[in-house]
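To start, the structure itself, in C-alpha cells.
The values are calculated or read from the model by the stated rules, or taken from the named source; none is laboratory data. Because the structure is predicted, anything quoted here is derived from the model rather than measured. With ideal geometry, Cβ positions are generated from the backbone for all residues, glycine too; neighbour counts draw on all protein chains shown.
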Amino acid sequence: MSDAKRLLAAFEGSRAAYGTTVVGRVGRNGKTESNSRVVHGQLDEEKIQAHIDGELGVGSIPINSENVCKFGALDIDT
C-alpha cells in the first residue's frame, strides 16, 4: 500500500470537500503569506501524493456525511 493511500485511509473525512493552502512569500513582518480555502470535491490519492511531494497543501475535513469524525487534530502556536 502506498504512503498516499495509507494517509488517505488514516485521515478519512468528508467526501464532499477538502481544504487547500497555497503558501506565498515571506512578508516584511517575517510571516509567510498563505491563502487557504475549501475545495468542493473529493480528496484523492493523487492530491495526497502531491502533498507528500511538497507540491500541494491539502487537509481532510474530519467530519463525514454521517456527522462522524474519525480523527482530530490540534494546532497550538506558542
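Within segment 45-78, the set of residues being out of contact with any strand residue (DSSP E or B) (no Cβ under 9 Å at 6 or more places or on another chain), within 20 Å of S2 (Cα to Cα) and surrounded by 11 or more Cβ atoms within 10 Å (Cβ to Cβ) comprises E45, Q49, I52. Of all residues in segment 8-34, those that are at pLDDT 90 or above have Cβ atoms under 6 Å from Cβ atoms of residues that are among the aromatic types (F, W, Y) and part of a loop (DSSP other than H, G, I, E, B), 6 or more apart or on another chain, in F11/F71. On inspection, S36 does not qualify as part of a loop (DSSP other than H, G, I, E, B) and touching a Ser or Thr at 6+ places or on another chain (Cβ under 8 Å).
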